[in-house]
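Chemist: What follows is a single structure, and I will ask about it in a moment.
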Amino acid sequence: MTRRQTRRQFLGATASVGLVGAAGCAAPFKSRRRRDNGSGGGAGTPASATPDPTTEETTTERLAQVDAEPVDVRGALYVPARAWNTFQMWHDYDESVIERDLGYAQRVNINAIRTWISYEQWREDPEALERSVEHFLTAADDRGMEVLFGLFESVGKEPTEENLHATDPLTAPPVQSPSSEVIQNPDEWDRPREYVRWFMDRWKDDDRLLAIEAMNEPGWLPNMKRFAAGMFGTMAENRGSVPLTVGSTSLANNADYVDWGADVLQFHYNFPNNRDVYRDLLPNAVRLGEDLDMPVYLTEWQKVANFGWGETGVVDNWQPDYDSLAPVIHRHGVGNFFWSLMVKPAYVRYMRKRGIINGLFHEDGAVWHRSDARAIKAMSGETDVSELEQRREWPQWAMEIKRHAFGSSQETGE
C-alpha cells in the first residue's frame, strides 16, 4: 500500500499542479447534486440525427493512441443490464449472467471492474451475499480482472421495499444505501459498522481486489460526508493489504479523503463539454498522483456531451460514444472506468426519461458501436474488434423508455 497522506500534503500538491478547488462533476454543481441525478447518460433524438463517430474528424488523440503505452487499469462500471439498482444485482444474483458479462469485458481486454455490494442485501441474507461476492471475485479473477467494490451508495432514492424491488423501466430508481434516517443519526450506525467489519474480515487481504470503496460520492453533503467518514474509520481500523478509497465527485473532494487515510484517489467526470477539458485535467491528475505517490483513477466517464443541465427534454447526443474520450484518456495513461459495461437505459431516472442509453455490450455479446469497442480495447495496446457484431438498437425489454422519450413511431432500431 502507499504511504499515508495528509490534507496539507494534498493541498500542496494540488496547488503545484493548479487543481485547488478543481471539480470533476458531469455538470455544474447545483444541478449535479440532485440526489437522483448522479451517474447518468446522454439524452436525445433518433439515432439517425446523431453523427456517426466513424465520420468525425480524426483527433490528435486518435492518432497518438496507436503508439501510446497500455493503460495499467482499464476498467468498466458494472451493474447487470436488467438490474435497476445494486440491491437487485445481489438479491437476484445469477452466476451465469455474471460469468457471461465478464466474459464480454474480457473481449476488449478490460482488466478491472467497479461495482457496489448491497448493505440492504446483507441485512436480508448475509450468507447468500457472501457466496455471491466470492463467486464474483473468482469469476473476475479467472478472466484477469481486479475488482473495486464499494460498500455504500449516496446516489438514489430511499431504500424502501418498494424502491428496492421496483422493476418498471420508467420509474425504477437507483437506491441510496443506507437510508437517510440511518445516515443522519450516528446512533443508528452500529449495523452499518457491523457490515463494514463483516466485509473487511473476509476480504481485506484479498489480492483479487483492486481497492475497497467506503461510499460512492458523499461529496459536499454534510450528513453524507460525516457518515462516509465514520464508515471509512471502521474500514481503517480493520485495514488489511487492500487499498482503501472513496468514490469522489472531484479531485478537490480528496482533500478530506487523504485525511481519512485513503490509499487511492478517485475522480468522476462523466460529461465534459469538449475534449479540451480532459486535455487540461488529465495531465494534472497524473502529476498529482506522481507528487503524492498514490494511484489516481478516473472512475466514472462516458463521453463529450452538453445536455442543457436542469432541462427535461431529449437532446441529440443520447447514445453511447466512448470513442469521444477514450483516446485522450489513453494518451495520458490515466487508470479509468467507463460507465457502463452493459447496454442499459441510464441509471438515474431523470436521465433515463430523456431517452439516454449507455453501455458497450448487449446481453447477447454484440456491441452498440464497434468504434467504442476499438477505442476501449486500444488502451491495452490491441485494436482488433472485427469479431464483434455491432447493433445500435435498443433492447426490446427497454423499448418502453425509448417510446416515452421519442414517441411511439420509433418501434425498433435506431
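The values are calculated or read from the model by the stated rules, or taken from the named source; none is laboratory data. The model shown is predicted, which means the values in this text are computed figures rather than measured ones. Glycine gets a Cβ as well: all are built from the backbone with ideal geometry, and neighbour counts include every protein chain shown. Heads up: the accessible areas ignore ligands, DNA and RNA and are worked out on the full protein's heavy atoms, side chains in. Shrake-Rupley method; radii C 1.70, N 1.55, O 1.52, S 1.80 Å.
Chemist: Are there any pairs with C-beta distances below 8 angstrom linking a residue in segment 1-26 that is within 16 Å of residue 295 (Cα to Cα) to a residue that is at pLDDT below 65 and assigned to a loop (DSSP other than H, G, I, E, B), with the two at least 6 apart or on different chains, and if so which?
Modeler: 14/20; 14/22
Chemist: Going by the conditions given, is residue 129 buried (at least 16 other Cβ atoms within 10 Å of the Cβ), assigned to a helix (DSSP H, G or I) and touching a residue at least 12 places away in the same chain (Cβ under 8 Å)?
Modeler: yes
Chemist: So which residues in segment 103-116 are in contact with a helix residue (DSSP H, G or I) (Cβ under 7 Å, 6 or more places away or on another chain) and either surrounded by 23 or more Cβ atoms within 10 Å (Cβ to Cβ) or charged (D, E, K, R) (or both), if there are any at all?
Modeler: Residues satisfying the conditions are 108, 113, 116.
Chemist: Now a separate question. Go through segment 291-308 and report how many residues are out of contact with any strand residue (DSSP E or B) (no Cβ under 9 Å at 6 or more places or on another chain) and either among the acidic types (Asp, Glu) or at pLDDT 95 or above (or both).
Modeler: Matching residues across segment 291-308 total 3.
Chemist: Also, quick follow-up: Just give me the residues in segment 310-368 being among the basic types (Lys, Arg) and at pLDDT 95 or above, in sequence order.
Modeler: Result: 331, 344.
Chemist: While we're on this one: Restricting attention to segment 275-299, report how many residues are more than 18 Å from residue 63 (Cα to Cα), among the acidic types (Asp, Glu) and assigned to a helix (DSSP H, G or I).
Modeler: Counting residues in segment 275-299 that are more than 18 Å from residue 63 (Cα to Cα), among the acidic types (Asp, Glu) and assigned to a helix (DSSP H, G or I) gives 3.
Chemist: Note down all Cβ pairs under 7 Å where the first residue falls in segment 265-278 and is modelled with pLDDT under 95, the second is among the polar types (S, T, N, Q) and open to solvent by 10 Å² or more (accessible area, probe 1.4 Å), and they're at least six residues apart or on different chains.
Modeler: Matching pairs, first to second residue: 273/306.
Chemist: Now a separate question. Do you know which residues across segment 204-233 are surrounded by 20 or more Cβ atoms within 10 Å (Cβ to Cβ) and assigned to a helix (DSSP H, G or I)?
Modeler: Across segment 204-233, the qualifying residues are 224, 227, 228, 231, 232.
Chemist: If you check 249, 245, which single one turns out to be modelled with pLDDT under 95 and either among the β-branched types (Val, Ile, Thr) or more than 23 Å from the chain's Cα centre (by Cα) (or both)?
Modeler: 249
Chemist: Any residue at all in segment 147-168 that's surrounded by fewer than 23 Cβ atoms within 10 Å (Cβ to Cβ), touching a Gly at 6+ places or on another chain (Cβ under 7 Å) and more than 28 Å from residue 234 (Cα to Cα)?
Modeler: There is no residue in segment 147-168 that is surrounded by fewer than 23 Cβ atoms within 10 Å (Cβ to Cβ), touching a Gly at 6+ places or on another chain (Cβ under 7 Å) and more than 28 Å from residue 234 (Cα to Cα).
Chemist: Condition first: of a type in the set (Asp, Glu) and touching a strand residue (DSSP E or B) at 6+ places or on another chain (Cβ under 8 Å). Now tell me which residues in segment 96-136 satisfy that.
Modeler: Hits for segment 96-136 are 101, 120.
Chemist: Looking at segment 300-317 only, could you name the residues that are touching a Ser or Thr at 6+ places or on another chain (Cβ under 8 Å) and assigned to a strand (DSSP E or B)?
Modeler: Matches in segment 300-317: 300 only.
Chemist: Another one. Would you check if residue 182 is surrounded by fewer than 21 Cβ atoms within 10 Å (Cβ to Cβ), among the β-branched types (Val, Ile, Thr) and part of a helix (DSSP H, G or I)?
Modeler: yes
Chemist: In segment 297-311, what count of residues is obtained for those that are surrounded by fewer than 24 Cβ atoms within 10 Å (Cβ to Cβ) and touching a Phe, Trp or Tyr at 6+ places or on another chain (Cβ under 8 Å)?
Modeler: 3
Chemist: For segment 64-80, check the following and say yes or no: at least one residue is part of a helix (DSSP H, G or I), modelled with pLDDT under 80 and surrounded by fewer than 21 Cβ atoms within 10 Å (Cβ to Cβ).
Modeler: For segment 64-80, residues part of a helix (DSSP H, G or I), modelled with pLDDT under 80 and surrounded by fewer than 21 Cβ atoms within 10 Å (Cβ to Cβ): present.
Chemist: Can you tell me which residues in segment 340-399 are more than 30 Å from residue 158 (Cα to Cα), hydrophobic (A, V, I, L, M, F, W, C) and in a helix (DSSP H, G or I)?
Modeler: 373, 375, 376, 378, 379
Chemist: Shifting gears a bit: Residue by residue through segment 81-102, note down the ones that are open to solvent by less than 20 Å² (accessible area, probe 1.4 Å) and among the aliphatic types (A, V, I, L, M).
Modeler: Result: 81, 83, 89, 98, 102.
Chemist: Next up: I'm trying to understand the selection: among the residues of segment 278-311, which are in contact with an Asp or Glu (Cβ under 9 Å, 6 or more places away or on another chain) and more than 24 Å from residue 78 (Cβ to Cβ)?
Modeler: 279, 294
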